[in-house]
Structures are given as structure tokens and as C-alpha cells.
Amino acid sequence: MAAPHAVDGVEGGSGGPGLDPAHSDGKRPQFGTRFLTDPRQVFQHNAWDNVEWTEEQEECARKKVLENSQPVPSEKQEEYDSRANEFWNDFYTIHENRFFKDRHWLFTEFPELAPQCSLNHGSHPEGPGPTEDGQRGEAVDVPGSSATYRILEVGCGVGNTVFPILKTNNDRGLFVYCCDFSSTAVELVKTNPEYDPERCFAFVHDLSDVEANYPVPDGSLDVIVLIFVLSALHPNKMQASISRLARLLKPGGAMLLRDYGRYDMAQLRFKKGRCLSENFYARGDGTRVYFFTQDELHDMFTEAGLEKVQNLVDRRLQVNRGKQLTMYRVWIQCKYRKALG
């Protein structure tokens, strides 16, 4: 469930440095030179950074969303919920090799995933290795039990984040866990030539099922990554899912999120008959997507007991120079940390 949906367009990143905690309440520090100062030059580049919206543009987007916000009948909503697994498996079967693979922004925005991680690597006692089987209560040795730095990506899709991490980060103490709701996606990860079971463990998991066991114990992960995945859950299940994940973090561990922001181009493209509830939609293939505000995400993370490091909106102007089209993208990026105390 992690990869930005094929119909939603290019996934985003500023291509600049990650935000320093000191700037977490303000705008992103200047990260490049792609600032559109002359509208006549809009088609000179493929994208422009930190594009400010006018009040008129914001109001226009609000009206557009309101026009198409009549929810579909409850029986149709129940179908989208009950068939969610089927829809995502079909999605990955159809789009197996058609994902955007350019995540050059991953390590600049989330240096916690890069080598020589400084978040809390080496400064904490080694977390629990073996986990326990929730049904029998027996100790079981799991992959990565001897690792000193553990990353979990939830909603890994076909591995567009996992494989760059494994390729870039050669830290011998690193182990990466990754899961997805779709068994088709997990199978694609496992059969990828870059999949190394000595350094990675992929498994099927439903993020919204908070009673389901993870293959790692609570308090054992350094980093949890959520890239365009929380938005795929029903809004009613988001808080419990985030709270469950927070329990897996070590003291000082961080949850990293990048997801769709309110009034992103993908939201404005939805026609009537696709709205499930406020800011929550069903795509043509049955998969679902929610569009967040910063405050909504902040409330969820803090309710889960995490402290803010970063919560920013990344507004970009994507340009199709061939078709002379402009598209406004809105993403939200968050980092929230579990207290050391």
C-alpha cells in the first residue's frame, strides 16, 4: 500500500536537506534554486520548489473538493472496505513493473535511513532480539534478532524504499523489516534479485488490524517508515494503527511519514461519486486514499505518545513540458520521536 498510486502521478521530494528540528515550526530551509519568480519561465524546469498558494487558489481548491464531496451509499462503502485486500492485490498484479522508482529524495529528507545514522544508533542498549509468539508465549528466534539498528517500513509496496536502503546503507548492524497488506506486493519484494534475507525480512501484515502480531517485540525498532501508506486506511482506523506502531519503537526511535496533503492535485481530480467521507476517496480500481492536514497528523502522533521533530507541507509545482501542463502537488512530511525518558 505504500507506493504513490500510478494514477496520482510522480511521488515527491524536495531534493534538499532534511529539516533541522530547530526549523520544525517554520518553513523548510532553502534547499535549492528552483523557485519560480517569473511565471513566464514556468516551463523551463520539470518542477518548482516551495510554491506558495494564493488565497484565491486555496479557495478554488476548497470549492472543487466541496462540489464532489457527496459520499457514496453505505453499502458501496462496505464493499470497498471488505474487498480492500483484493483491490490492492489486483493493483500490484497490474502495475508490477510500472512504479516510479526515483527516490533520490529519500536519504536527504530522511537521513535516519542512511549510513552512520545519528538518531540514536550506538547510544542505546541493544533492544530485545527474540520475540514471543502471541498464541503460545514461546520464545522464537526471528530474522534480525542480532541487529543493532532496525528499520521497519509499513506498506512497502514492491520495495521502492526498502531496496534503496539496503543498497545505500551497508551498516553491518542494520536489519530492515518490511510489510504490506498485499500478499502480491510482498511476493514481488521477496522475488526481487536485490532481496537479501540476511539483511531484510518481508511479511504480509494489515496495518489496520491492531490485534495482529508483528515479528518484532515492542520497544525494538529504531525507525518506522510510512510513505504514502497511512492515507490508504479508513480514517477511523488511523489512530489505533499509529498508536500500535509507536509501541514498537525504542526510546529515542522515530516514525517517519510522507503522505498526501489536503488539496493535492490527486484530490482535486476526483469526480462526483468517488467520495467515501470527508477528504477520503475511492479510486477507479477500488483502492482508497485520504488527504491530510498537518494538524490531523500531529494530533495522531502526539496521541500515540510521540514528540514532534518535524511537520511540514511540501508544495511543488510539477510541470509537463511536452503537454505544457502544470500540476500542483501537496505532500506532508513528518518525523515524530519516542521520548528517551
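Just so it is clear, none of the values below were taken in a lab; they were calculated from the coordinates. The structure presented is a predicted model; accordingly, all values stated were derived computationally and were not measured. Every residue, glycine as well, gets a Cβ built from its backbone with ideal geometry; the counts of neighbours run over all protein chains shown.
Excluding G286 itself, calculate the net charge of residues whose Cβ lies under 9 Å from the Cβ of G286, where each Lys or Arg counts +1 and each Asp or Glu counts -1. Net of charged neighbours comes to -1.
Take the Cα coordinates of region 209-341, assign each an equal point scatterer, and use the Debye formula without solvent to give log10 I(q)/I(0) at q = 0.11, 0.13, 0.14, 0.16 Å⁻¹. Values returned for q = 0.11, 0.13, 0.14, 0.16 Å⁻¹ are -0.45, -0.60, -0.68, -0.85.
Divide the volume of the convex hull of the Cα atoms of region 150-210 by its number of residues and quote the answer in cubic angstrom per residue.
On the way: hull volume 4.3 nm³, N = 61.
Per-residue hull volume (Cα only) is 70 Å³.
Distance between the 7 Å Cα→Cβ label points at K272 and D81: 2.6 nm.
Can you give the charge dipole size of region 219-282 about its Cα centre, rounded to the nearest 20 debye, using +1 on the beta carbon of Lys and Arg and -1 on the beta carbon of Asp and Glu? Spell out each step's value before the answer.
Numbers: 10 positive and 4 negative charges, 46 e Å.
Rounded to the nearest 20 debye, it is 220 debye.
Compute the distribution of all C-alpha to C-alpha distances in region 252-314, in bins of 10 Å from 0, and list the percent of pairs in each, rounded to whole numbers. Here the calculated profile for region 252-314 is 18, 45, 27, 9, 0.
Please compare each pair in K237/K308; K250/K335; K237/K271 to a cut-off of 23 Å on the Cα-Cα distance and tell me which ones are over it. K237/K271, as the Cα separations exceed 23 Å there.
Of all the C-alpha pairs in region 177-258, what % are more than 15 Å from each other?
Working: 2033 of 3321 pairs.
Counting every Cα pair in region 177-258, those more than 15 Å apart make up 61 percent.
About its Cα centre, region 226-340 has a charge dipole of approximately 440 debye under the convention of +1 per Lys or Arg Cβ and -1 per Asp or Glu Cβ, with nothing else charged.
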